[in-house]
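Trainee: Right, I'll just put the structure down here and ask away after.
Computed from the coordinates by the stated procedures, all read-outs in this text should not be read as laboratory data. As the structure is a computational prediction, the values presented were derived from the model and not from experiment. FYI the Cβ positions are ideal-geometry reconstructions off the backbone, even for glycines, and counts take in every protein chain you see.
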Amino acid sequence: MSENKQVTFNLPGDLIEKMTWYVQQKIEPSKNAIVRKSVELYLEKLKQEALQKSMEEAIGDPMFMNDLTESMRDFEAIDQEGDSAW
């Protein structure tokens, strides 16, 4: 992970209260940890959504689908050999 940098931002009071409760209950070590984990999870979600969108766009691309079909056909025999080995 990269070096930490200080950032200032505003959050609704009810979120701060909820984070404080989780820290007081020793469920999370700090509010910073909660914010860091939340941002990491959200960024991962955005990444997955972008990948999903790209795949949906690719499905509509005839050249991509043709290449994919050809690749699957090319590897079909190898896949069948691998299946019988197990």
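Trainee: Suppose every K and R has +1 on its Cβ and every D and E has -1 on its Cβ; what is the size of the dipole of the chain about the Cα centre, in Debye to the nearest 20?
Mentor: In debye, rounded to 20, the chain gives about 1080.
Trainee: Roughly what angle does helix 62-85 make with the longest principal axis of the chain, taking Cα atoms, 0 to 90 degrees, to the nearest 10?
Mentor: For helix 62-85, the angle is close to 80 degrees.
Trainee: Same structure again: I'm spelling it out carefully: the read-out is semi-axes √(5λ) of the Cα gyration tensor in Å, the candidates are [x] 26, 17, 10; [y] 47, 19, 12; [z] 20, 15, 12, and one was derived from this structure. Which label?
Mentor: It is the value labelled [y].
Trainee: Give the residue from Met65, Leu41, Gln24 lying farthest towards the positive end of the charge dipole for the chain; charges sit on Cβ (+1 for Lys and Arg, -1 for Asp and Glu) and the dipole is referred to the Cα centre.
Mentor: So the residue we want is Gln24.
Trainee: Quick check: residue separation of Arg73 and Gln24 times 0.36 nm, minus the Cα distance between them. What number comes out in nm?
Mentor: Numbers: separation 49, 0.36 × 49 = 17.64 nm, distance 5.81 nm.
Taking Arg73 through Gln24 to full extension adds about 11.8 nm, to one decimal.
Trainee: Additional query: To the nearest 0.05, what FRET efficiency results for Asn10 and Leu41 with a Förster distance of 25 Å applied to their C-beta separation?
Mentor: 0.80
Trainee: What is the helix-to-structure angle for 13-24, meaning the angle in degrees between its Cα long axis and the longest Cα principal axis of the chain, kept from 0 to 90 and rounded to the nearest 10?
Mentor: The answer is roughly 90 degrees.
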